[in-house]
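Novice: Here it is: the structure, laid out below.
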Amino acid sequence: MGSPSPKTLRFQGSIASITVTILVDTSSSHNILQPHLANHLNLPINPISPFQVMVGNGDTIQCTGFCPHVDLTIQSHKFTIPCYLLSIAGADLVLGIAWLQTLGSIVSNFSVPCMTFTHDHTLITLLESTNLPPTQLPTHNFSTSYTMMPLPPYTS
């Protein structure tokens, strides 16, 4: 397990009725959702042309699924985001640059830690969740590597 880095913030949120751990990661190019959550929630999954993702030990896996519209709630604020499906360690959902770019100007204060931005004409401040367990923080950029670990099937 690692410590959060200055490039990440962790939040608790929900997709449908399921509580999820969210990692906002400025070094991740895309949004990533655990495949078992997408399956458990019966989210529409679009097949995509498979592409290789390098994992932490140098092996590669294929990403073959994409959820174009994942409805997410973070601290009472609702977002709809597209996500690639990959089993990564450390979070149920990673929000990367693909999501951050949709927010426009963002002020992040990593000493609090929090982030402030405008969404749907409303100024929003998300405070990092302090009650989350330590996270093994992988590198999420598709051009670099992922830390992968097998995850058990989701049960509610």
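Novice: What list do you get for ILE88, ILE74, ILE48, ILE32 if you sort them by fewest beta carbons within 10 Å? The partial results should precede the final answer.
Specialist: On the way: ILE88 25, ILE74 19, ILE48 13, ILE32 28.
With the fewest neighbours first, ILE88, ILE74, ILE48, ILE32 line up as ILE48, ILE74, ILE88, ILE32.
Novice: Can you give me the orientation-averaged projected area of the convex hull built on the Cα atoms of the stretch 8-127, in nm²? Walk me through the numbers before you get to the answer.
Specialist: On the way: hull surface 30.9 nm².
With the hull built on Cα positions only, its mean projection is 7.7 nm².
Novice: Would you calculate the separation in nanometres between label points at ASP71 and THR130, each defined as 7 Å from the Cα along the Cα-to-beta-carbon direction?
Specialist: About 3.2 nm separates the two model spin labels.
Novice: Would you work out the relative contact order for the stretch 8-127, in percent, from Cα pairs under 8 angstrom that are 6 or more residues apart?
Specialist: Values: 234 pairs, mean separation 34.9, N = 120.
Taking the mean separation of contacting Cα pairs over the length of the stretch 8-127, I get 29 percent.
Novice: Right, here's the next one. Counting other beta carbons within 10 Å of each Cβ, put ASP71, ASP25, ASP120, ASP92 in order, fewest first.
Specialist: Details: ASP71 13, ASP25 28, ASP120 8, ASP92 21.
The fewest-first ordering by Cβ neighbours comes to ASP120, ASP71, ASP92, ASP25.
None of the figures in this text is laboratory data; all of them are computed from the coordinates on show. Given the structure is predicted, the values throughout are model-derived calculations rather than measurements. FYI the Cβ positions are ideal-geometry reconstructions off the backbone, even for glycines, and counts take in every protein chain you see.
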